[in-house]
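Just so it is clear, none of the values below were taken in a lab; they were calculated from the coordinates. Since the model is a prediction, treat every value here as computed from it, not as a measurement. Methodologically, a virtual Cβ is constructed for each residue, glycine included, from the backbone with ideal geometry; neighbour enumeration extends over all protein chains shown.
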Amino acid sequence: MNGRLEQVAPLVLVIDEQQQDLNQVAAILASANIACQCCTRPDEAFALALRNPPDLILCDTNLFGESGPETCERIKRQPGLEEVPVMFLSNAQIPDVIRRGHGANGAYCLRKPFAAEVLVGLIDAAITARPVVAADAS
């Protein structure tokens, strides 16, 4: 053993009803050595988040059955997932999208189409900005 710790790739849960968008995001994340779980439906996202908690949720604002902010609020109500940062993707240009994203504790709202380096930079910023929980010193 060389004494170095293996660095684990961050895991991003990507939720988008458009398979083409999922494929694009997955390719961008793979090229940045970021692992991802992809799904198109809110119920599938909920199950994936519970089974394998992500380091970040990347969610489109419009999904089948409920909005992206509603889906993320539901996921973040689960024990152990409250502090997972959320980032929203949207085709919309209206301020209400940003307002709904912030209401669901969204760290960022990125408008589609986006540059790969912007997406990766925002994901990195959101993950590294997570609060660190100190161990009990007693």
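Checking every one of the GluC sites (Glu not before Pro) in the range 60-92 against DSSP loop status and a limit of 12 other Cβ atoms within 10 Å picks out E82, E83.
Within a Cβ distance under 11 Å of V25, other residues only, what is the Lys/Arg minus Asp/Glu net charge?
-2
Full extension of the chain segment joining A129 with N62 gains 21.5 nm, where the gain is 0.36 nm per residue of separation less the Cα-Cα distance. Ranked by the mean number of other Cβ atoms within 10 Å of their residues, highest first, the peptides 14-27, 46-59 come out as 46-59, 14-27.
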